[in-house]
Amino acid sequence: MTFLARHRIVLPVVSLAVLLAATFYMQPRAMSYFGLNLLFNLAVPIALATIAQMMIIMVNDIDLSLGAFVSLTACVTATFLQDAPLIGALIMLSLILSYAALGALIHAFDLPAIVVTLGMSFVWGGLALFILPSPGGSSPEWLRALMTVKPPFAPMAVVAAIIIALVTHLLIMRSGIGTVLRGVGGNARSVGRAGWSLIRLKALAYGLAGLFGVLAGMTLVGLTTAADANIAMRYTLLSIAGVILGGGEFIGGKVSPTGAVIGALTLTLAASFLSFMRLSSDWQIGAQGAILILVLTARLIFRQGGRT
Amino acid sequence: MNKPWIWAWLAAALAFSATLGLTSGRGASELAYAALSFGAFAAIVGLGQMLVITLGPGNVDLSIPATMTLAATLALKAMGGNPGTALMGLGIALSVGVAVGVANYALIFLLRLPPIIATLAASLVYQSFAIWSNRGLRIKPPQDLADFSTGRLLGLPNVAWVGLVLACITWVVLERSVWGRWLLASGQNLRAARLAGIPVELVRASTYVTVAVFAAIAGFLLASFSGGAALNMGAEYLLMSIAVVVIGGSSIAGGDSNVPGVWGAALFMFLVVSMLNSYGAGAGVRNVLTGTIIIGIVIAASSRRIRA
């Protein structure tokens with residue numbers, strides 16, 4: 001094994017660094033506290049959603065409902081959590097529990113997660129429409145204050161990303177239960193033979209995904225101050241891309257929380273970078289796709305390096 | 001009851017009669033006609049998605065909506081509403097389909113990207129291309145083409161005939177041709193199929209081209225049917241294409257496909273929405289129930305599988 005193959009984290013870090021350097025080259029004024037704040041403005045909810053998706057990918061499933069779920073939690077934040085904090089908190093708790101129940105259900109009936117989450121995306125989307133039929137609501141004051149806080153040295157988004165990466169790294173890579181959870185993705189049967197209840201582990205992984213989904217919705221509303229039922233629909237695909245950019249694999253429980261956060265930052269930065277390039281708005285989405293392909297191509301080269 | 005497609009048709013019949021129960025039987029032929037018209041588009045993209053899903057775990061085409069939009073946009077732009085250009089338009093739509101399919105497969109094969117990520121990233125590029133080429137202008141289809149796509153033959157909508165013919169071709173190819181057997185074998189065990197001398201990569205390439213061509217046909221017809229191409233015209237067909245495959249009784253794990261089920265599920269997906277509409281359900285409730293029904297069907301199908 002070469003250095004690169006052993007340290008999966010190198011490629012996501014290098015991708016982010018290259019993109020950041022290119023952005024600074026294009027727009028030197030971005031190299032400041034405020035510049036960075038603007039560049040990574042929306043990174044926090046995307047990073048949290050990516051971590052949520054990573055929890056699901058960790059146990060070899062995929063979540064196609066995450067965007068709808070984050071939209072729903074954003075709608076709950078902008079309505080109930082603002083008007084009646086206690087009821088809002090209870091709704092959030094029941095949403096997390098239903099995510100855990102979903103994981104148990106998928107395991108108990110041996111259902112394809114891709115289809116169940118597909119169905120759930122209709123359910124979450126429907127509930128979101130039900131709660132907030134037209135765009136509106138408002139952000140709870142404390143959440144708004146939390147998201148616009150200006151820590152010394154580095155902007156809020158960067159500090160928050162570091163904290164998220166640190167906490168999830170300790171939880172998934174360092175703790176005992178995190179190792180077992182990754183084991184479910186690696187070899188579920190042997191984890192089961194070792195005496196663990198697989199159904200509980202799956203429920204735990206899904207519950208964690210639900211928790212991070214809720215946090216993503218809340219931080220999103222803290223930034224945008226309002227919500228609508230489709231506010232985070234693109235998070236489904238962004239979060240999957242973020243996990244893979246961060247060196248994760250679809251199967252085998254090979255995930256990296258730090259990588260996932262960096263992947264989410266890279267995707268956020270790609271969008272900012274393209275607007276700095278004064279690219280015609282027609283091509284902005286396409287260029288994001290092209291950057292995604294480019295970074296993944298780099299991953300191929302690096303994997304082949306590992307093989308020889 | 002060892003024919004998985006029966007469930008989709010039973011569910012469709014149930015939704016059909018539940019809708020008519022409200023009107024005490026009036027409007028039956030109108031409802032059936034509408035279901036066949038709108039179901040045809042879902043069935044055509046569903047057939048393509050079914051072939052890809054048959055290839056085995058991880059194979060899915062997420063670029064279907066972008067392909068539909070791109071094919072329809074370019075074809076309608078080239079025709080410019082002039083009479084007698086319908087065949088040229090169809091030719092352009094088909095070539096867009098082939099080009100997209102080849103590009104998707106090139107990303108998957110040459111760059112070794114997981115198909116989910118490859119088709120997702122590429123679809124962003126296709127979408128940008130569609131935005132750039134029509135700039136939001138809505139060009140009307142030529143009159144003769146519009147008449148064809150909204151017309152009927154022997155009491156059935158023309159678009160349903162197209163869908164039925166494509167379904168028959170797909171069924172014959174899958175069940176009776178060498179290529180179909182190769183496809184099923186690759187889906188059941190890629191390694192075994194390769195060792196048995198099946199040109200696996202050729203099968204995969206032709207499948208990805210086929211799904212793109214089917215999506216292009218559906219987009220072309222949909223644009224002619226609804227009086228022009230819109231940038232978001234394909235959006236709902238991403239989840240729809242996967243849903244009809246699974247509800248139709250094809251295995252999400254691949255290697256086991258089911259053509260009649262796709263049509264049954266396509267009719268069901270339309271009928272369940274019209275049923276909920278006629279019972280006066282709002283958009284939110286409708287989505288929640290649609291999602292619940294999808295999950296219910298998947299659970300029913302899986303417990304049947306466990307018993308068998």
The ³J(HN,Hα) series, computed from each phi in region A:237-246 with the Karplus coefficients 6.51, -1.76 and 1.60 at θ = phi - 60°, rounded to the nearest Hz and given as x for glycine or proline, is 6, 4, 5, 5, 4, x, 4, 5, 4, x
Taking 0.36 nm per residue of separation between residue B:82 and residue B:300 and subtracting their Cα-Cα distance, the length gained on full extension comes to 73.4 nm
With Cα springs under 10 Å, the Gaussian network model of chain B assigns the largest mean-square fluctuation among B:292, B:85, B:54 to B:292
For a label point 7 angstrom out from the Cα of residue B:22 toward its Cβ, which stretches of region B:268-296 have the backbone nitrogen within less than 17 Å?
B:268-291, B:293
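Would you calculate a helix-derived [θ] at 222 nm for the protein assembly as shown, using -39,500 (n - 2.57) for each DSSP H run of n ≥ 4 and dividing by the full residue count, to the nearest 500?
Helix-only estimate at 222 nm: -25000 deg cm²/dmol.
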Average Cα contact separation per residue, region B:33-170, under 8 Å, 6 or more apart, as relative contact order %
39 percent
Per-residue ³J(HN,Hα) for region A:199-216, Karplus 6.51 cos²θ - 1.76 cosθ + 1.60, θ = phi - 60°, Hz, x for Gly and Pro
5, 5, 5, 4, 4, 5, 4, 5, x, 4, 4, x, 4, 5, x, 4, 4, 4
Taking amide H positions as placed 1.01 Å from N in the peptide plane, with prolines and chain starts having none, which residues 5 or more places from residue B:152, or on another chain, fall under 5 Å of its amide H?
B:158
Could you tell me which of rounded, prolate or oblate describes chain B, using a ≥ b ≥ c as the square roots of the eigenvalues of the alpha-carbon gyration tensor, with rounded for a/c under 1.5 and, failing that, prolate when a/b is larger than b/c and oblate otherwise?
oblate
For chain B, return all DSSP H helices satisfying: extent of Cα atoms along own axis at least 18 Å; mean Kyte-Doolittle hydropathy at least 0.5.
B:5-22, B:28-54, B:64-79, B:86-110, B:115-134, B:158-176, B:200-225, B:259-278, B:283-307
Please name whichever of B:42, A:203, A:272 sits farthest to the positive end of the charge dipole of the protein assembly as shown, dipole taken about the Cα centre and charges placed at Cβ: Lys and Arg +1, Asp and Glu -1.
A:203
Could you point to the residue in B:227, B:192, B:272 farthest towards the positive end of region B:5-307's charge dipole, with +1 and -1 charges on the Cβ of Lys/Arg and Asp/Glu respectively?
B:192
Alpha-carbon centroid distance for the pair region A:233-275 / region B:241-272, whole angstrom
31 Å
Whole-Å distance, taken between Cα centres, linking region B:195-210 and region A:144-165
50 Å
So for B:186, A:190, B:206, fewest C-beta neighbours within 10 Å to most, what's the order?
A:190, B:206, B:186
Connecting every pair of Cα atoms under 10 Å apart in chain A and solving the GNM, the largest mean-square fluctuation among A:12, A:257, A:112 falls on A:112
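If the viscosity is 1.567 mPa s and the temperature 4 °C, what translational diffusion coefficient in µm²/s does Stokes-Einstein give for the protein assembly as shown when Rh comes from Kirkwood over Cα pairs?
Estimated diffusion coefficient is 51 µm²/s.
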Rounded to the nearest Å, what's the spacing between the alpha carbon centres of region B:113-183 and region B:274-288? Just the number, please.
28 Å
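Is there a quick way to get the dipole size of region B:5-307? I mean about its Cα centre, with the Cβ of Lys and Arg at +1 and of Asp and Glu at -1; what is the value in debye to the nearest 20?
380 debye
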Tell me whether region A:3-307 comes out rounded, prolate or oblate; compute the Cα gyration tensor, take square roots of the eigenvalues as a ≥ b ≥ c, and use a/c under 1.5 as the rounded threshold.
oblate
Semi-axes (Å, rounded, descending) of the ellipsoid equivalent to region A:200-280 per its C-alpha gyration tensor are 25, 19, 10
For chain A, averaging the sequence separation of alpha carbon pairs under 8 Å that lie six or more residues apart and dividing by its residue count, the contact order in percent is 37 percent
Amide H of residue B:62 versus every other amide H placed in the peptide plane: which residues, excluding those fewer than 5 positions away on the same chain, fall under 5 Å?
B:119, B:120
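What does the charge count near residue A:55 come to, summing +1 for each Lys or Arg and -1 for each Asp or Glu among other residues with Cβ under 15 Å from its Cβ?
Around residue A:55, the charge tally is +1.
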What distance in nm separates the simple spin-label points at residue A:276 and residue A:86, each placed 7 Å from Cα in the Cβ direction?
4.9 nm
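Only the coordinates and a few stated rules stand behind these numbers; no lab work does. Remember, it's a predicted structure, so these values are computed and weren't measured experimentally. Note that we place each Cβ from the backbone using ideal geometry, even for glycine, and neighbour counts take in every protein chain shown.
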